[in-house]
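First comes the structure, then the notes that go with it.
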Amino acid sequence: MTTAATPASAFRLEHDSLGEVQVPAQALYGAQTQRAISNFQITGRTMHPQMIRSIGMVKKASAYCNNQCGFLDDQRLKWIMEACDEVIAGKLNEWFITDCIQGGAGTSFNMNANEVIANRAAQLAGKPIGTYDYIHPNDHINFGQSTNDVFPTAGRLTCLTLVEQLIQQLNELQQSLLNKAKEFDDVIKMGRTHLQDAVPIRLGQEFHAYATMVGRDIKRIRIAFNDLKAVNMGATAVGTGLNADEKYKRIITPVLSEICGITLTSAKDLVDGTRNCDTLAFASGALKVLAVNLSKMCNDLRLMASGPKAGLAEIRLPERQPGSSIMPGKVNPVIAEVCNQACFNVIGNDVTIAKAAEAGQLELNVFEPVLFKNLFESIEMMTNACRTLRINAIDGIQANRQNCLFFVERAVSPITAFAPHIGYANASRIAKQALIENRPLREVLLESGLITERDVEVIMNVQEMTRPGIPGKKRLTKKKKEQVEG
């Protein structure tokens, strides 16, 4: 709408099926994009830049295939391909302005792409923009397509591209954890179950367990995201392929694979591929499990680093920033905390994605915009969380060996190793006595007369307690043999 401050020359008049629309004169988008600006003011965020690049690849592949099928002449193909290349290079991102959450199952974003590519191709051909008499958004750019195969395909390409960065960060995080497992292999500490003293464990064993856990996440994510390589190009509106030439349907996926550098396959059932989003929900589920695991690990790190004087203080996290506006010298575990928060967000995103996947009706899921928005966010948040956790926390963790040993020496739970020698009931009685009287376990054991000092020395080897087997097994076997013979 023009105002006294905005001359009419600043706009051009376009038409769509609903009537006339004023569009900024120099804009590469058109009428349907302009309507979307007014209709979908939801997040204030446009589509992910990688999603824009992905749809540029889809449009480029489609233009080439339409040319091969005889529906697009060589000259128009040349200009369209050049325009698509500019989209793929990110040169036209400023003209992709629709909100990332929108009604219409992504139609506004698809038309945004169609309009931008058509107008840019016209510019390259020396034609005026906004007229569409030479290159039309629907008749040329969208020929043989529907939002319902273009949008989900572009979304899957985006996920497959983004997830490679996540897997790289996960591999590096796993290696850092393995490095710490090796560094801390000789550090004996108290294991805890129910937040109560359990039996000794090596700090290196705990970090190796974290690395093993991350390894499972890598496998899960690869498996889940591999399913996204099946795309529904050629399905058009409901999966039946109406208005998509048979040759186009046959060649579009191989051509797109070559353009994007990812080996894609055509969905075995295009109707299924158009209406169902379970593969996307599965991918989100793998990210949710990763978030659960990372958050649990960060909880452990914060607890082991608690203190530095009145907590466990078994490890020291790198000091990254002052922790309080009122308490001088206080330093908080901010990296673990921010990773926790990223994980909470991803778990919440998974709920949204599950709801969106479930809410689809009949031949189409119209809620893919919010589904993809949250899936992209989850991938990137986990990528960034893994990177900052590794660089700013894991790589710089130090073991407080003295404190770890202190807790082991004052604990009574090593009595567990004596149970096979003196019996569970006797071991339990001695443990309670040591606690009540606040005396060293070794002292109460020797006082009981149930075991010799030599046996205590052999069995109370905390290194041996962190490995499979029964400490002092040979002495126990000899004793039982003597009892039998006696």
Item to check | Among (1) closer than 23 Å to Arg76 by Cβ; (2) surrounded by 23 or more Cβ atoms within 10 Å (Cβ to Cβ), the one test that Gly106 misses | outcome: (1)
Checklist outcome for this item: When the range 70-103 is checked residue by residue, the ones that are in contact (Cβ under 8 Å) with a residue 24 or more places away in the chain, of a type outside the set (Asp, Glu) and open to solvent by less than 30 Å² (accessible area, probe 1.4 Å) are Leu72, Ile80, Ala83, Cys84, Val87, Gly90, Leu92, Phe96, Thr98, Cys100, Gln102
Checklist entry - Is it true that Val289 is out of contact with any strand residue (DSSP E or B) (no Cβ under 6 Å at 6 or more places or on another chain) and closer than 20 Å to Arg220 by Cα? => result yes
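Take the residues in the range 258-279 that are of a type outside the set (A, V, I, L, M) and open to solvent by less than 20 Å² (accessible area, probe 1.4 Å); name whichever of them is nearest to Arg222 (Cα to Cα).
The first filter runs over the range 258-279 and keeps only residues of a type outside the set (A, V, I, L, M), leaving 258, 260-261, 263, 265-266, 268-269, 272-279.
Now restrict to residues that are open to solvent by less than 20 Å² (accessible area, probe 1.4 Å): 273-274, 277.
Details: Gly273: 20, Thr274: 23, Cys277: 18 Å.
Taking the candidates together, the pick is Cys277.
If I ask for residues that are polar (S, T, N, Q) and either without any contact (Cβ under 8 Å) to a residue 24 or more places away in the chain or assigned to a helix (DSSP H, G or I) (or both), which ones from the range 262-281 would you list? Please lay out each step first, then the result.
Step one: of the range 262-281, the residues polar (S, T, N, Q) are 263, 265-266, 274, 276, 279.
Hits for the range 262-281 are Thr274, Thr279.
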Item to check | Residue list for the range 316-361, filter: charged (D, E, K, R), touching a Ser or Thr at 6+ places or on another chain (Cβ under 8 Å) and open to solvent by 60 Å² or more (accessible area, probe 1.4 Å) | outcome: Lys330
Item to check | Inter-residue pairs, beta-carbon under 6 Å, first on the phi < 0 side of the Ramachandran plot and touching a residue at least 24 places away in the same chain (Cβ under 8 Å) and in the range 224-245, second open to solvent by 60 Å² or more (accessible area, probe 1.4 Å) and assigned to a loop (DSSP other than H, G, I, E, B), 6+ apart | outcome: Val238/Glu363
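For the range 39-69: of the residues being among the small types (Gly, Ala, Ser) and over 27 Å from the mean Cα position of the chain (by Cα), which is surrounded by the fewest Cβ atoms within 10 Å (Cβ to Cβ)?
Checking each candidate, the answer is Ala61.
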Checklist entry - Where residues in the range 280-307 are out of contact with any helix residue (DSSP H, G or I) (no Cβ under 7 Å at 6 or more places or on another chain) and among the charged types (D, E, K, R), which of them is surrounded by the fewest Cβ atoms within 10 Å (Cβ to Cβ)? => result Lys296
Checklist entry - What do you reckon, is Ala118 farther than 20 Å from Leu13 by Cβ and hydrophobic (A, V, I, L, M, F, W, C)? => result no
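Provide a single number: the residues in the range 320-338 that are basic (Lys, Arg) and free of Cβ contacts under 8 Å to residues at least 12 places away in the same chain. Before you say what the answer is, go through the steps one by one.
Applying the first criterion (basic (Lys, Arg)) to the range 320-338 yields 320, 330.
When the remaining residues are screened for being free of Cβ contacts under 8 Å to residues at least 12 places away in the same chain, the result is 330.
Residues flagged as basic (Lys, Arg) and free of Cβ contacts under 8 Å to residues at least 12 places away in the same chain within the range 320-338 amount to 1.
Each row is one residue, and each column tells you yes or no for (1) touching a Gly at 6+ places or on another chain (Cβ under 7 Å); (2) open to solvent by less than 20 Å² (accessible area, probe 1.4 Å); (3) of a type outside the set (Val, Ile, Thr).
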residue: Ile117; (1), (2), (3): no, yes, no
residue: Ala121; (1), (2), (3): no, yes, yes
residue: Ala125; (1), (2), (3): no, no, yes
residue: Asp149; (1), (2), (3): yes, yes, yes
residue: Pro152; (1), (2), (3): no, yes, yes
residue: Thr158; (1), (2), (3): no, yes, no
residue: Thr161; (1), (2), (3): no, no, no
residue: Gln169; (1), (2), (3): no, yes, yes
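Phe344 - would you say it is under 26 Å from Tyr210 (Cβ atoms), touching a residue at least 12 places away in the same chain (Cβ under 8 Å) and aromatic (Phe, Trp, Tyr)?
yes
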Item to check | Candidates Leu362, Leu317, Leu389 - the one that is farther than 27 Å from Ile218 by Cβ, touching a helix residue (DSSP H, G or I) at 6+ places or on another chain (Cβ under 9 Å) and either without any contact (Cβ under 8 Å) to a residue 60 or more places away in the chain or among the hydrophobic types (A, V, I, L, M, F, W, C) (or both) | outcome: Leu362
Next on the checklist: Every residue in the range 222-250 that is crowded, with 22+ Cβ neighbours inside 10 Å and of a type in the set (A, V, I, L, M), please.
Outcome noted: Leu228, Val231, Met233, Ala235, Ala244
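When you go through Ile347, Ile335 one by one, which is the residue that is touching a helix residue (DSSP H, G or I) at 6+ places or on another chain (Cβ under 7 Å), over 25 Å from Ala399 (Cα atoms) and assigned to a helix (DSSP H, G or I)?
Details: Ile335 fails: over 25 Å from Ala399 (Cα atoms).
So the residue among Ile347, Ile335 that is touching a helix residue (DSSP H, G or I) at 6+ places or on another chain (Cβ under 7 Å), over 25 Å from Ala399 (Cα atoms) and assigned to a helix (DSSP H, G or I) is Ile347.
Taking helices (runs of 4 or more DSSP H) that do not extend beyond the range 401-473, which have at least 1 residues that are in contact with a His (Cβ under 8 Å, 6 or more places away or on another chain)? It would help to see each step written out before you state the result.
Values: elements: 401-410, 419-422, 424-437, 441-448, 453-459, 462-465.
By residue number, 453-459.
Taking the conditions exactly as written (of a type in the set (A, V, I, L, M, F, W, C), buried (at least 23 other Cβ atoms within 10 Å of the Cβ), within 17 Å of Thr383 (Cα to Cα) and in contact with a Cys (Cβ under 8 Å, 6 or more places away or on another chain)), does Leu203 satisfy them or not?
no
Just to be sure I understand, how many residues within the range 151-195 are in a strand (DSSP E or B) and of a type in the set (Val, Ile, Thr)?
Qualifying residue count, the range 151-195: 2.
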Item to check | Any chance Ile394 is open to solvent by less than 40 Å² (accessible area, probe 1.4 Å) and over 41 Å from the mean Cα position of the chain (by Cα) | outcome: no
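I need the full set of residues from the range 119-171 which are under 20 Å from His48 (Cβ atoms) and free of Cβ contacts under 8 Å to residues at least 40 places away in the same chain, in order please. Give the steps one after another, and end with the answer.
Filtering the range 119-171 down to residues under 20 Å from His48 (Cβ atoms) leaves 147-169.
Within the range 119-171, Glu164, Gln168 qualify.
The values are calculated or read from the model by the stated rules, or taken from the named source; none is laboratory data. Worth saying up front: this structure is predicted, and the values here are computed from it rather than measured. All Cβ positions, even for glycine, are placed from backbone atoms using ideal geometry, and neighbour counts span all protein chains on display. Remember, those area values only see protein heavy atoms, side chains included, never the ligands or the DNA or RNA. Shrake-Rupley method; radii C 1.70, N 1.55, O 1.52, S 1.80 Å.
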